[in-house]
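In what follows, a structure is listed as structure tokens, so that the remarks can point back to it.
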Amino acid sequence: MDTTKTADPTAPEAETAEPEATEAQADLKDAPAAQSTEAAEAPGADLTDEDLEDELHDELDENEKKPEGVGAAASAVVAAGLGLVALSGSWVSRVIAERQTLVGQIESVNAATTEAKIEALYGDAWHMTALVNGVLSTLALLLAVFVLARPAFGTPGRTLPTWVRAVSWAAVALGALGVLLFGLMYFDILAPLPKAA
């Protein structure tokens, strides 16, 4: 007597097992086809290694040819710094003023009038301070104007970044203020020398 049992073909477990097996086989058959279509749709799939290298070199060349505007940015910062230093007083102007004061002390020995002594001791030193700071302000103004005007003579359509333009306009304002202020001081209009009694 045979004691092994065969599965009943009408049992629900046997019915669900067969569709699962056929679905798995269908998925395996569709997988290579899906991979081949994805590979075909991928950009640059048909390019050789030489073509990819050529594209990479072209992109690098384009990036190198694009002007970064580093020079304009640095010039704008330098112009603003010069304008600020000129208005606050530079070390160079102080040293030249002290030297002129020493020269004035030597010359004041031979001065005949009190006004000549004041001019020799103080006036010349103040004028030299105004002159040096006025030159620094003029340099700041010219450099800032050059930065702002440079795109007009360069590549068409090229504009400076907003912050570079803002710093350049600030440098123009500082330079113009310094030129005006130190010009008036140099010609004794803003702060004339005191007169002796």
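For Leu190, the residues 5 or more places off, or on other chains, whose built amide H falls under 5 Å of its own are Met185. Computed over the alpha-carbon pairs of region 93-156, the distance histogram in 10 Å steps reads 22, 29, 19, 14, 10, 5, 1 percent, short to long. Sequentially through region 156-170, phi angles give Karplus couplings (6.51, -1.76, 1.60; θ = phi - 60°) of x, x, 7, 10, 7, x, 4, 5, 5, 5, 5, 5, 5, 5, 5 Hz, Gly and Pro residues having no value and appearing as x. Based on the Kirkwood approach, the hydrodynamic radius assigned to region 110-197 is 15.4 Å, with every pair of different Cα atoms included.
Per the 1.4 Å probe, what fraction of the accessible area of region 71-197, in percent, lies on carbon and sulfur atoms? C and S atoms contribute 71 percent here. Geometric descriptor of region 68-115, per residue, is 87 Å³ (volume of the convex hull of the Cα atoms).
The values are calculated or read from the model by the stated rules, or taken from the named source; none is laboratory data. Remember, it's a predicted structure, so these values are computed and weren't measured experimentally. Heads up: the accessible areas ignore ligands, DNA and RNA and are worked out on the full protein's heavy atoms, side chains in. Shrake-Rupley method; radii C 1.70, N 1.55, O 1.52, S 1.80 Å.
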